[in-house]
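The values are calculated or read from the model by the stated rules, or taken from the named source; none is laboratory data. Owing to the predicted nature of the structure, the values given are computational and were not obtained by experimental measurement. So basically every Cβ, Gly included, is an ideal-geometry build from the backbone, and we count neighbours across all protein chains shown.
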Amino acid sequence: MQIGTVDSTTTSTANSSSSSSSSLLPTQTLNQQDFLNLLVTELQNQDPMNPMSNTDFIAQMAQFSTLQQSQQTYQSISEMQATNLIGATVNATTTGGGTDTGVVTEVLMNSGTPEVLVNGTPYTLDEVQTVTPPAATSTPSSTTTATSN
């Protein structure tokens, strides 16, 4: 068996560019319409003598459905986490690297991402560093006295 040589400069360049550019690339998501467009394109360009099997199509659809459900679950959990912070005191990292401390007054949704409002400034959950739960408030028990006639 013949083994080809690997050019180390190409490998190191590829590794360094992928690691440095991964943080610079915007996150991209595929939605159901994108998946259907890809599926139609696959069908149009498949080899008629070697078509894709039904099993492959079903497997792709199941994978996409699972991914979509995972994304929806993650978004729901993030929304619940943000909502649970209302009334709590948090320390959040500002864009300048400082810290903003205050009480979460509301939750805003920005492009599907929950943000907590602290001192009039929205922060993502990733920017929240510490959380102090609100003090437990005791509700006075109401006492009634029975009067007999």
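Observations on the model:
- In segment 84-131, residue farthest from Gln71 (Cα to Cα) [restricted to those that are of a type in the set (Gly, Ala, Ser) and in contact with a helix residue (DSSP H, G or I) (Cβ under 9 Å, 6 or more places away or on another chain)]: Ala92
- Only one of Gln129, Gln81, Gln68 that is of a type outside the set (Phe, Trp, Tyr), within 23 Å of the chain's Cα centre (by Cα) and at pLDDT below 85: Gln68
- Residue selected from segment 107-126 under the condition more than 14 Å from the chain's Cα centre (by Cα) and of a type in the set (Val, Ile, Thr), by the criterion nearest to Thr94 (Cα to Cα): Thr121
- All positions within segment 63-83 that are in contact with a helix residue (DSSP H, G or I) (Cβ under 7 Å, 6 or more places away or on another chain) and in contact (Cβ under 8 Å) with a residue 40 or more places away in the chain: Ser78, Gln81, Ala82
- Looking only at residues in segment 31-51 that are in a loop (DSSP other than H, G, I, E, B) and over 14 Å from Ser65 (Cβ atoms), the one that is nearest to the chain's Cα centre (by Cα) is Gln46.
- For segment 68-93, a residue qualifies if it is surrounded by 13 or more Cβ atoms within 10 Å (Cβ to Cβ) and over 30 Å from Pro133 (Cα atoms), and exactly one does: Gln68.
- Remark: Ala59 falls outside the filter, which requires a residue to be modelled with pLDDT of 80 or more and either in contact with a Leu (Cβ under 6 Å, 6 or more places away or on another chain) or part of a strand (DSSP E or B) (or both).
- For Ser18, the criteria (1) at pLDDT 65 or above; (2) exposed (fewer than 12 other Cβ atoms within 10 Å of the Cβ) hold in every case but one, which is (1).
- Looking across segment 107-126 at every residue that is loosely packed, with under 14 Cβ neighbours inside 10 Å and either in contact with a Cys (Cβ under 9 Å, 6 or more places away or on another chain) or under 26 Å from Gln72 (Cα atoms) (or both), the one that is modelled with the lowest pLDDT is identified as Gly112.
- Single condition Val104 does not satisfy, out of (1) modelled with pLDDT of 80 or more; (2) closer than 30 Å to Thr130 by Cα; (3) part of a helix (DSSP H, G or I); (4) not charged (D, E, K, R): (3)
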